[in-house]
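Structure first, then comments.
The values are calculated or read from the model by the stated rules, or taken from the named source; none is laboratory data. Fair warning: this is a prediction, and the values are worked out from it, not measured in the lab. In this analysis, Cβ positions are derived from the backbone assuming ideal geometry, glycine residues included, and neighbour counts consider all displayed protein chains.
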Amino acid sequence: MTEQLIKRQLKNKYGNFSPTRLTGGYTNTTYLLDGTHPLLVVKVANTFSQDIYNEINCLKLIQETGIAPKFYELLETNDNQITVMEYREGKNGQAIFDDNGVEKIKELYKSLGKSLAKNIHSKKYNFSSNGIKECDLHAIKMSLDFVPEELKRKSKVILQKINDSKMDWVLTHGDYGMHNVLYTEDNVLTVLDWEWSEWANPLNDVGWVCWFTKLHYPKQADSLNSVFIEQYKTNNPIFLSSETLKGYCVYKVWKILHKIKNAPLEVQQEWIRRLEWTIETDIFDFIN
């Protein structure tokens, strides 16, 4: 059905092509238009989403860095949004993690740190959103009925300790990490899926990379996160506090909890478990 929609909406402009669903770092509704020159990718939203505009505004802002695919156009109908973008080569970072040795993975984490500092966090907030979301750390609501009261209380205590000044804000990806990048043999990194990006403290992204690695790969996490942070600080020498990093991770989990408020019970329970894990785990104990 989605393939037919793509052909119907794009055939007159882009000619004959075959839509092929992409995996490995791409969302489930992303398709390669096999047969276009140059090759194009489209992302299809089957319901109207403000996140699409957020992603587009980010892609426009960082286009000159080369870190993300170029945005070409947005086509909208009453029920769908189709984003047309540049196709980029590379293997999904998480697949590289699962299939390769430790040295290759460390190179990936070095690239993650360097690219985040130089190409993304170099975009400083100038007190104008430019159509991109802004961090609401101290305004985030904790009224979700499915979250236990004790976890709400502990979350509030952690977040209240953070001094989130807009003076420190930069462009953040929102879900940065190996799961959302493509990586080539000659070490070219492409960052995908910018829907959750926002103007925020850079520790938002730094903490989330460490959080994701510690959650999914606990045995390798301290070593890889150390490499990532070392490379990040080489290119952006900021102060990192384990307490503050944990706070931004708690904030990120709450953002997801709001997005899944209508999700199945098992999904909600899994993210409640992750909230508790985030609060109770020494994710950043490797930081001096």
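Exactly one residue out of D164, D193, D175 is buried (at least 18 other Cβ atoms within 10 Å of the Cβ) and at positive phi, and it is D193. Checked against (1) assigned to a loop (DSSP other than H, G, I, E, B); (2) loosely packed, with under 12 Cβ neighbours inside 10 Å, M142 passes all but a single condition, namely (2).
Tell me, yes or no, whether the range 35-55 has at least one residue that is under 16 Å from E86 (Cβ atoms) and either in contact with a Cys (Cβ under 8 Å, 6 or more places away or on another chain) or in contact (Cβ under 8 Å) with a residue 60 or more places away in the chain (or both). Before you say what the answer is, go through the steps one by one.
Taking the range 35-55 as the starting set, the residues that turn out to be under 16 Å from E86 (Cβ atoms) are 35-43, 55.
Going one step further and asking which of them are either in contact with a Cys (Cβ under 8 Å, 6 or more places away or on another chain) or in contact (Cβ under 8 Å) with a residue 60 or more places away in the chain (or both), we end up with 55.
Within the range 35-55, one or more residues are under 16 Å from E86 (Cβ atoms) and either in contact with a Cys (Cβ under 8 Å, 6 or more places away or on another chain) or in contact (Cβ under 8 Å) with a residue 60 or more places away in the chain (or both).
On the given criteria, is V102 of a type in the set (V, I, T) and either without any contact (Cβ under 8 Å) to a residue 12 or more places away in the chain or outside the structural domain of N12 (by TED's automatic domain parsing) (or both)? It is true that V102 is of a type in the set (V, I, T) and either without any contact (Cβ under 8 Å) to a residue 12 or more places away in the chain or outside the structural domain of N12 (by TED's automatic domain parsing) (or both). Residues that are touching a helix residue (DSSP H, G or I) at 6+ places or on another chain (Cβ under 6 Å) and either assigned to a loop (DSSP other than H, G, I, E, B) or surrounded by fewer than 17 Cβ atoms within 10 Å (Cβ to Cβ) (or both) within the range 75-97 comprise just one, L75.
Right, K104: part of a helix (DSSP H, G or I) and more than 27 Å from I52 (Cβ to Cβ) or not? Judged against the criteria, K104 is a match. Residue count for the range 120-139 under the criterion of being in contact (Cβ under 8 Å) with a residue 60 or more places away in the chain and either crowded, with 17+ Cβ neighbours inside 10 Å or touching a strand residue (DSSP E or B) at 6+ places or on another chain (Cβ under 7 Å) (or both): the result is 10.
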